[in-house]
Amino acid sequence: MILPSQSIRAMIQDGYIDGVCNVNPNQVQPASLDLRLYKKAWRVPASFLPGAGVRVATLLNDIALHEIDLRPGAVLETGCVYVAELQEYLSLAPDVSALANPKSSTGRLDVFVRVITDFGTAFDKVPDGYDGPLYAVICPQTFPVMVRTGSRLAQLRFVRAAELAETARRNQLVSIGLAGAGVVGYRAKRHTGLIDIDRVGGYDAADFWEPVTARGDRITIDPDEFYILASKEAVSIPPTHAAEMVPFNRLMGEFVNHYAGFFDPGFGWSEAGGAGSRAVLEVRSHQTPFILEDGQTVGSLVFERLAEVPSQIYGARIGSHYQAQGLKLSKHFRDEPAQ
């Protein structure tokens, strides 16, 4: 079962989660922990996993192209790969592991982020009992972004292994919503200005996005373009569960959706003010144009039970940005581009 906010706070208090700077209470979300960039990042020629017996720092000494100081702020360019040290340090109990994912706002900017560990053989997975530092592999795909010490691009959720057998799972298929007149999505513009990851509501959406309208309840997505679309169905995550968006079928088509696939307990929950919340889909075609139809299944929500109801749930009370959303760009934009 996934551990709720009060369990995460207890892990911080007991030293299972620590940081080079004190962990800030507002890093704790209903069922996850925001991760902060630390002082340094390295430009590397390619993404990597260190592998069994190898520390990330050792490999960086061999392959890093140059070192970047994040303290004054640094621009990460599109198409380049960076590895950044994170402030958080884990010393997990033998029966606790962790899973990482990009934060929603990170995914909506098309920034590829994966968390790695010393001796790691898989992205975004921290094994039971891990004792060591965390790093983020970062590759902006569409917009150059500015980050700095303290920027939050990814989050961790914690799982108690002894309770996995008791996890009650259920799935909900998610389809794409393209019906009706008007704007059904947005396509990212190329050759735009810089986006500061920490600047909320600071940008005119029309400078970065163009609206997408459907013809006959379908659209064609072009290769190597990035789209923001929305689900046809409303999504509702009860306080007793969290959910993750996973591909419905990896062989169903030449596109990928939803980089930031984690939904906190309370997202879309009517009692938390989220009735009617849609899942925002971050969509990119691979090598060929691809036709998407209204109602086409694009993913599956996998619900996982929490060890207990969190002391806080997703919603306006904790300042959540995407409760009761429809088609919505990231929090960095103050408006939607006109049709």
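The values are calculated or read from the model by the stated rules, or taken from the named source; none is laboratory data. This structure is a prediction, so every number in the text was calculated from the model and none was measured. Cβ placement follows ideal geometry from the backbone for every residue including glycine, while neighbour counts extend to all protein chains displayed.
Report yes if residue 35 is within 18 Å of residue 155 (Cα to Cα), crowded, with 17+ Cβ neighbours inside 10 Å and among the hydrophobic types (A, V, I, L, M, F, W, C), otherwise no.
Yes, satisfied.
Condition (residue is surrounded by 17 or more Cβ atoms within 10 Å (Cβ to Cβ), hydrophobic (A, V, I, L, M, F, W, C) and over 19 Å from the mean Cα position of the chain (by Cα)) applied to segment 269-284: is it met by at least one residue?
Scanning segment 269-284, I find at least one residue that is surrounded by 17 or more Cβ atoms within 10 Å (Cβ to Cβ), hydrophobic (A, V, I, L, M, F, W, C) and over 19 Å from the mean Cα position of the chain (by Cα), so the answer is yes.
Where in segment 182-243 are there strands (runs of 3 or more DSSP E), lying wholly inside it, with at least 1 residues that are under 19 Å from the mean Cα position of the chain (by Cα) and closer than 21 Å to residue 105 by Cβ?
183-188, 226-234
For residue 274, all conditions in the list (1) assigned to a strand (DSSP E or B); (2) modelled with pLDDT under 80; (3) closer than 29 Å to residue 10 by Cβ hold save one; what is the number of the exception?
(1)
If we scan segment 32-43, do we find a residue that is under 20 Å from the mean Cα position of the chain (by Cα), in contact (Cβ under 8 Å) with a residue 24 or more places away in the chain and more than 30 Å from residue 242 (Cα to Cα)?
Yes: one or more hits.
For the structure I just gave you, tell me whether residue 292 is modelled with pLDDT of 85 or more, in a strand (DSSP E or B) and within 16 Å of the chain's Cα centre (by Cα).
Against the criterion (modelled with pLDDT of 85 or more, in a strand (DSSP E or B) and within 16 Å of the chain's Cα centre (by Cα)), residue 292 does not qualify.
Which members of segment 140-149 meet the condition of being in contact with a Ser or Thr (Cβ under 8 Å, 6 or more places away or on another chain) and in a strand (DSSP E or B)?
If the condition is that a residue be in contact with a Ser or Thr (Cβ under 8 Å, 6 or more places away or on another chain) and in a strand (DSSP E or B), then 140 is the only one that fits.
If I ask for residues that are surrounded by fewer than 20 Cβ atoms within 10 Å (Cβ to Cβ) and modelled with pLDDT under 85, which ones from segment 301-339 would you list?
316, 317, 318, 319, 321, 324, 335, 336, 337, 338, 339, listed by residue number.
Scanning segment 119-162 for residues that are among the polar types (S, T, N, Q) and at pLDDT 95 or above, which turns out surrounded by the most Cβ atoms within 10 Å (Cβ to Cβ)?
Restricting to residues being among the polar types (S, T, N, Q) and at pLDDT 95 or above, the top hit is 155.
Here are some residues: 157, 152, 148. Which one is of a type in the set (D, E, K, R), in contact with a strand residue (DSSP E or B) (Cβ under 8 Å, 6 or more places away or on another chain) and farther than 24 Å from residue 43 by Cβ?
So the residue among 157, 152, 148 that is of a type in the set (D, E, K, R), in contact with a strand residue (DSSP E or B) (Cβ under 8 Å, 6 or more places away or on another chain) and farther than 24 Å from residue 43 by Cβ is 157.
Specify the residue that is modelled with the highest pLDDT; the eligible residues are those in segment 70-118 that are among the aromatic types (Phe, Trp, Tyr) and either surrounded by fewer than 19 Cβ atoms within 10 Å (Cβ to Cβ) or farther than 20 Å from residue 146 by Cβ (or both).
Result: 89.
If residue 305 satisfies all but one of (1) outside any loop (DSSP other than H, G, I, E, B); (2) within 17 Å of the chain's Cα centre (by Cα), what's the number of the condition it fails?
Against the list (1) outside any loop (DSSP other than H, G, I, E, B); (2) within 17 Å of the chain's Cα centre (by Cα), residue 305 comes up short only on (2).
I'm trying to understand the selection: among the residues of segment 30-61, which are of a type in the set (D, E, K, R) and more than 15 Å from residue 137 (Cα to Cα)?
34, the sole residue that qualifies.
List the strands (runs of 3 or more DSSP E) that sit entirely inside segment 74-139 and contain at least 2 residues that are touching a Lys or Arg at 6+ places or on another chain (Cβ under 6 Å).
Hits in segment 74-139: 81-91, 96-102.
For the structure I just gave you, tell me whether residue 267 is modelled with pLDDT of 90 or more, under 20 Å from residue 29 (Cβ atoms) and either assigned to a strand (DSSP E or B) or basic (Lys, Arg) (or both).
Here the answer is no, as residue 267 does not meet what is asked.
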